[in-house]
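I have placed the structure first, in the form of structure tokens, so that the comments after it can refer back to it.
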Amino acid sequence: MGGPSGGCIPEDLLNIPVTYEDVVKTGAIMGSGGMVVMDEDTCMVSTSKFFLEFTADESCGKCTPCRVGTQVMLDMLTDITEGRGKDGDIETLEDLSRDIISTSLCGLGQTAPNPVLSTIRYFRHEYEAHIKDHWCQAGICSDLASFHIFEELCKGCGACLRACPQQAIVGEKKKPHRIMQELCIQCRSCYDACKFASIKIEPAIPKDKPEPVTVDEGGSE
Ligand code: SF4
Ligand code: SF4
Ligand code: SF4
């Protein structure tokens, strides 16, 4: 809500009255008055990083908490979304946010941490999954996701195979398809193309432990 420094609220607060007082109670602000609705295919960690990239870039640099603090937070969020998150990062982000809010000179620094604080407040489990399980459940953070076709759900329509830019999917028409993990770049195109919800997102496969190849590689076209 309210632009890049507004804050993110969950589905169960969707019906709050849009008044200054009610919105502030959620941890977000009215800001510019803009609202963006995102679904479960959105990663809230990378969303808060996206907003912070904007505010860190907009910082005029006059005061240290805003100039340096937002950059430190941005580096931490980058690490978390790329699989280098550590225990304690969430608490450090919260501490840094509070310090930046209370010591920055103007409204930009005083609100820049809002997306981070509000996503930690409402979507903490996503931060924990990124850090502890190396898992981006939305499949947005490519280092933290792997894509798998569930044979029992796959209709063999070939839409995923056609969407894949890596030729990483194999399978005959009307038969279960399969993703060759060693070629997959986790771009998510197959997941978006499948109309049968046959593709699931799971934690990343460690690079040194590729999934064994067990199925033949015939094409579906
Ligand atoms: S808080 Fe305001 S004055 Fe301070 S660096 Fe950020 S933009 Fe500049
Ligand atoms: S798009 Fe879905 S149903 Fe079609 S072949 Fe791919 S996984 Fe199977
Ligand atoms: S995630 Fe991208 S690269 Fe991987 S199998 Fe799906 S479409 Fe291909």
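Every number in this text was worked out from the coordinates using simple rules, so none of it is lab data. A quick note: this is a predicted structure, and the numbers were derived from the prediction, not measured. Cβ atoms come from the backbone with ideal geometry, glycine included; neighbour counts cover every protein chain shown.
Points worth noting:
- Those residues of the stretch 82-96 which are surrounded by 13 or more Cβ atoms within 10 Å (Cβ to Cβ), among the acidic types (Asp, Glu) and part of a helix (DSSP H, G or I), in sequence order: Asp89, Glu94
- If you go through the stretch 97-106 and keep only what is in a helix (DSSP H, G or I) and either more than 21 Å from Ser32 (Cα to Cα) or in contact (Cβ under 8 Å) with a residue 24 or more places away in the chain (or both), you end up with Ser97, Arg98, Asp99, Ile100, Ser102, Thr103.
- So Leu93, is it in contact with a Leu (Cβ under 8 Å, 6 or more places away or on another chain) and in contact (Cβ under 8 Å) with a residue 12 or more places away in the chain: yes
The rows are residues; the columns are (1) in contact with a His (Cβ under 8 Å, 6 or more places away or on another chain); (2) within 12 Å of ligand 3 (Cβ to nearest atom).
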| site | (1), (2) |
| --- | --- |
| Gly109 | no, no |
| Thr119 | no, no |
| Gly158 | yes, no |
| Ala163 | no, yes |
| Glu172 | no, no |
| Asp192 | no, yes |
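- Qualifying residue in the stretch 62-71 (condition: touching a residue at least 40 places away in the same chain (Cβ under 8 Å), touching a Gly at 6+ places or on another chain (Cβ under 8 Å), more than 16 Å from ligand 3 (Cβ to nearest atom) and assigned to a loop (DSSP other than H, G, I, E, B)): yes
- Within the set Asp57, Asp12, Asp22, the sole residue that is within 16 Å of ligand 1 (Cβ to nearest atom) and either part of a helix (DSSP H, G or I) or farther than 25 Å from Met76 by Cα (or both) turns out to be Asp57.
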